[in-house]
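This report concerns only the one structure given below.
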Amino acid sequence: MSAKIISGNEVSQQLKEEMKEEVVGLKAKGLQPCLAVILVGEDPASKVYVSNKKKACEFIGIKSLETRLPAEATTEDLLKVIDGYNKDASVHGILCQLPLPKHIPETKILRSILPEKDVDCFHPYNVGLISIGEVRFLPCTPAGVIELIKRGGFQTAGADVIILGRSNIVGRPLSNMLDQRDMNATVTMCHTKTKNLKERCLAADIIIGAIGVPEFLKGDMVKEGAVVIDVGINRVEAPGTEKGFKLVGDVAFNEVKERAAAITPVPGGVGPMTIAMLMKNTLTAAKATMV
């Protein structure tokens, strides 16, 4: 058996096409959705991410604003930019690209963004809403995972789900989301210190890898017919290749695909979904201003 490949590229494109149509309707009502992105410093990966977000905005029809600050910018400099976007009624979503330079306190910055414009869903207020089932936004990467599961037609009600990883960005919010009544999964959140991890994984119907260790989930840890979603993206050395490195996930793809019913690739799996869900949150924020 070889697994069905779940293409995040394809699903994200479907979502963007749907949102593009929706934006046409919103503009006809006089509403122009707008996302403001702030980039501090010259981190190469961050610059690529920001560029991809800008392209997605252009395709869908979302207005995109961008402020770039030098790496030596102060916390006060960044807070001033955020405050300006907070007060600008034409801006519906604000995203401060991470990571920030080490001298800028990430927590303080993320909490300075108004919750109603926090389209990354990192503000404690929005995270708290998820935990009680009163959702405003969903964190982009976990929301992308949910969308891949739903659109793939995979059953979550009554399913045993293992989440490998307990980060505040993926593992914890994803556990909350899968546990809600519209998903009805039975969720176990595991990590590198979990006992009997292999046995737990072998009992799972769905495994989500978000542990940050290259190819951590091996083929012998997955039961026949499981669904495997790989959130990880790791750069590992690949001597002899043009770039000298390759991207791999938290799942040993070639091993696991021979046992799983379905699996996401890296790249081209969860990654494209993260940007699509950011766009969706921006539309949600814009539509909330019409009420």
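The values are calculated or read from the model by the stated rules, or taken from the named source; none is laboratory data. The model shown is predicted, which means the values in this text are computed figures rather than measured ones. Heads up, the Cβs are rebuilt from the backbone with ideal geometry, glycines too, and the neighbour counts pull from every protein chain shown.
Some points to look at:
- Qualifying residue in the range 121-144 (condition: surrounded by 16 or more Cβ atoms within 10 Å (Cβ to Cβ) and among the acidic types (Asp, Glu)): no
- Strands (runs of 3 or more DSSP E) contained entirely in the range 1-113, each with at least 1 residues that are under 15 Å from LEU278 (Cβ atoms), of a type in the set (A, V, I, L, M) and over 17 Å from the mean Cα position of the chain (by Cα): 34-40, 63-69
- For GLN155, the conditions (1) of a type outside the set (Phe, Trp, Tyr); (2) within 18 Å of the chain's Cα centre (by Cα); (3) at pLDDT below 95 all hold with the exception of (2).
- First in the range 120-146 and closer than 16 Å to LYS280 by Cα, second anywhere and of a type in the set (Ser, Thr, Tyr), Cβ under 7 Å, 6 or more apart: PHE137/THR284; CYS140/THR274; THR141/THR274; GLY144/THR274
- Residue that is farthest from ASP205 (Cα to Cα), among those in the range 220-246 that are of a type in the set (A, V, I, L, M, F, W, C) and touching a Gly at 6+ places or on another chain (Cβ under 8 Å): ALA238
- Of all the residues in the range 203-223, those that are touching a strand residue (DSSP E or B) at 6+ places or on another chain (Cβ under 8 Å), within 13 Å of ALA260 (Cα to Cα) and assigned to a loop (DSSP other than H, G, I, E, B) number 4.
For every residue, the table says whether it meets (1) of a type in the set (Ser, Thr, Tyr); (2) within 16 Å of VAL37 (Cβ to Cβ); (3) buried (at least 19 other Cβ atoms within 10 Å of the Cβ).
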{"site": "THR75", "(1), (2), (3)": "yes, no, no"}
{"site": "LEU78", "(1), (2), (3)": "no, yes, yes"}
{"site": "TYR85", "(1), (2), (3)": "yes, yes, yes"}
{"site": "ALA89", "(1), (2), (3)": "no, no, no"}
{"site": "ILE94", "(1), (2), (3)": "no, yes, yes"}
{"site": "LEU100", "(1), (2), (3)": "no, yes, yes"}
{"site": "THR107", "(1), (2), (3)": "yes, no, no"}
{"site": "PRO115", "(1), (2), (3)": "no, no, no"}
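- Hey, VAL266 surrounded by 18 or more Cβ atoms within 10 Å (Cβ to Cβ), within 29 Å of LYS198 (Cα to Cα) and modelled with pLDDT under 95 or not: no
- Residue within the range 149-162 that is over 21 Å from SER12 (Cα atoms), in contact with a helix residue (DSSP H, G or I) (Cβ under 7 Å, 6 or more places away or on another chain) and in the same structural domain as ILE229 (by TED's automatic domain parsing) present: yes
- Residues that are surrounded by fewer than 16 Cβ atoms within 10 Å (Cβ to Cβ) and at pLDDT below 95 were ranked within the range 30-51; the one that is farthest from LYS20 (Cα to Cα) is GLU42.
- Residues satisfying the stated conditions in the range 176-232, i.e. over 24 Å from PRO124 (Cβ atoms) and charged (D, E, K, R): LYS193, LYS195, LYS198, GLU199, ARG200, ASP205, GLU215, LYS218, ASP220, LYS223, GLU224, ASP230
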